[in-house]
C-alpha cells in the first residue's frame, strides 16, 4: 500500500464500480465540450510517448500548456494517453461539477472506493484538481474547480498524477529532482524543497550545460539510468530572481496567494538551453554551506536515497515499494556526491562540469 493509499472502505459505506464512475465523469467532460462549442487539442512527446490533451474550450489552455511547451509535438494516431480537461467554474451553470465533492475534505476511504486495477483516482483538496485514469482506454480526466484560483505550483507542474500513473506503467518513474547536463550525460540534483536544487540548476543557464528539470522529471532505468524532461518552469523565492540576470526579462507568476515564491517558464526565452533528456552520470545532493566556493564530497547511496525518496514518494498517489526499488537501483548505479553550494554562483556549474568530466561515460 502506498503512503497515500486509503484504508479499507468502512462497513456500510456505499461503493460504486470504478469503471462506471469514470464513465460518469467522462460524460460530464463531453457535456462541457458541447457547452463550450469546441475542443482544443495540444500534443506533446513525453519520455518518447505521444500525449494528447483535449480541452473543453480554451479557458484552461493557458493554465496547463506553458509548462509542457518545450515538448510540443505533432498529432499521432495512437497516443499513450489522452487527457480530457475542463474547468468547472467557467462552465457553470451549463455544466455541473462531476459527481465528486469539489470542496471540503475528501476522506481517504471515499477516494479509495473509486480505484481498482484499471482505474486510478485522486482529488487534491488544496488545488481543487480531480484526476482519473482508465488504463484500459489510455484515457484520463483532469477537472479543475476554478482555473483562476490554480496555485502557481500546479500551473508549473500540471498533470503530475496522470503522468505518474501512465509513465509508471511504461517503465518511467516520476521523481522530485532537478537535472542539468549535456545531451550525452548529466546529473540529478536531489533533496527536499529549499535544499538548493533550483539555484544549482539555474546557475547552469548560459553555460554549456543544458537544463532538463527544476523540480520534477521522469526516470527510466533500462538499459541504464536516464532522465526525461517534464516541465520547463523554474520556481524560486521572489527575491532570488534578481540573483539570476538571465531571468530578468522572463515573466513571473506568483506561486500562491500569501507565499513568497514565484515561477517562470523558460521556453520562451531559453528554448535553446533546454534538453529533452540525457543519461544520468551522477547524483548530487545540494547543501547550502555559506562558503564562497562550491565543493564536492562523495556520499553513500543511502544518503542520496534519503534525499530523493521522501519528496518523491509521499506526494504521489500510487507510489509504492516498487517506486522505492527504482530509486534504490538508481542511486546504486551511479556515483553520488554532496554538492556543497558556494555563495559564488559561478562556481556551481564548474563543479557540475567537473563531475561530468570525471565520471565514466561523461562528455
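Evaluate the following for residue 317: is it buried (at least 19 other Cβ atoms within 10 Å of the Cβ), free of Cβ contacts under 8 Å to residues at least 60 places away in the same chain and at negative phi? Can you show your working first?
Working: buried (at least 19 other Cβ atoms within 10 Å of the Cβ): yes; free of Cβ contacts under 8 Å to residues at least 60 places away in the same chain: no; at negative phi: yes.
So residue 317 does not fit the description; no.
Give me a count of the residues in the range 76-88 that are more than 14 Å from residue 28 (Cβ to Cβ) and outside any loop (DSSP other than H, G, I, E, B). Step through it out loud before you land on a result.
Applying the first criterion (more than 14 Å from residue 28 (Cβ to Cβ)) to the range 76-88 yields 76-83.
Then keep just the ones that are outside any loop (DSSP other than H, G, I, E, B); that gives 81-83.
Final tally of qualifying residues: 3.
Being surrounded by 15 or more Cβ atoms within 10 Å (Cβ to Cβ) and either at pLDDT 95 or above or in the same structural domain as residue 275 (by TED's automatic domain parsing) (or both) is true for just one of 75, 79, 62. Which residue is that? Don't jump to the end; show me each part of the working.
Values: 75 fails: surrounded by 15 or more Cβ atoms within 10 Å (Cβ to Cβ); 62 fails: surrounded by 15 or more Cβ atoms within 10 Å (Cβ to Cβ).
On inspection, the qualifying residue turns out to be 79.
Going residue by residue through the range 281-298, is there one that turns out to be surrounded by 14 or more Cβ atoms within 10 Å (Cβ to Cβ), at negative phi, touching a helix residue (DSSP H, G or I) at 6+ places or on another chain (Cβ under 6 Å) and without any contact (Cβ under 8 Å) to a residue 40 or more places away in the chain?
No, because not a single residue in the range 281-298 is surrounded by 14 or more Cβ atoms within 10 Å (Cβ to Cβ), at negative phi, touching a helix residue (DSSP H, G or I) at 6+ places or on another chain (Cβ under 6 Å) and without any contact (Cβ under 8 Å) to a residue 40 or more places away in the chain.
From 140, 152, 128, 171, which residue is in contact (Cβ under 8 Å) with a residue 24 or more places away in the chain and surrounded by 24 or more Cβ atoms within 10 Å (Cβ to Cβ)? Walk me through it before giving the result.
Working: 152 fails: surrounded by 24 or more Cβ atoms within 10 Å (Cβ to Cβ); 128 fails: surrounded by 24 or more Cβ atoms within 10 Å (Cβ to Cβ); 171 fails: surrounded by 24 or more Cβ atoms within 10 Å (Cβ to Cβ).
After ruling out the rest, the residue left standing is 140.
Checking the structure you have, find out if any residue of the range 341-363 is exposed (fewer than 15 other Cβ atoms within 10 Å of the Cβ), free of Cβ contacts under 8 Å to residues at least 24 places away in the same chain and in a helix (DSSP H, G or I).
yes
Name, by its number, the condition in (1) closer than 19 Å to residue 323 by Cβ; (2) crowded, with 24+ Cβ neighbours inside 10 Å; (3) in the same structural domain as residue 218 (by TED's automatic domain parsing) that does not hold for residue 166.
Going through the list (1) closer than 19 Å to residue 323 by Cβ; (2) crowded, with 24+ Cβ neighbours inside 10 Å; (3) in the same structural domain as residue 218 (by TED's automatic domain parsing), residue 166 breaks only (3).
Taking residue 207 as meeting all but one of (1) at pLDDT 95 or above; (2) over 20 Å from residue 307 (Cβ atoms), write down the number of the exception.
Going through (1) at pLDDT 95 or above; (2) over 20 Å from residue 307 (Cβ atoms) one by one, residue 207 breaks only (1).
Applying the selection to the range 203-218, what residues are under 29 Å from residue 319 (Cα atoms) and in a loop (DSSP other than H, G, I, E, B)?
214, 215
Based on this model, can you work out whether residue 176 counts as under 28 Å from residue 253 (Cβ atoms), buried (at least 17 other Cβ atoms within 10 Å of the Cβ) and either touching a helix residue (DSSP H, G or I) at 6+ places or on another chain (Cβ under 8 Å) or modelled with pLDDT under 90 (or both)? I'd like the intermediate steps shown before the answer.
Numbers: under 28 Å from residue 253 (Cβ atoms): yes; buried (at least 17 other Cβ atoms within 10 Å of the Cβ): yes; either touching a helix residue (DSSP H, G or I) at 6+ places or on another chain (Cβ under 8 Å) or modelled with pLDDT under 90 (or both): yes.
Judged against the criteria, residue 176 is a match.
The values are calculated or read from the model by the stated rules, or taken from the named source; none is laboratory data. This is a predicted model, so every value here is computed, not measured. Cβ: placed from backbone, ideal geometry, glycine included. Neighbour counts: every protein chain shown.
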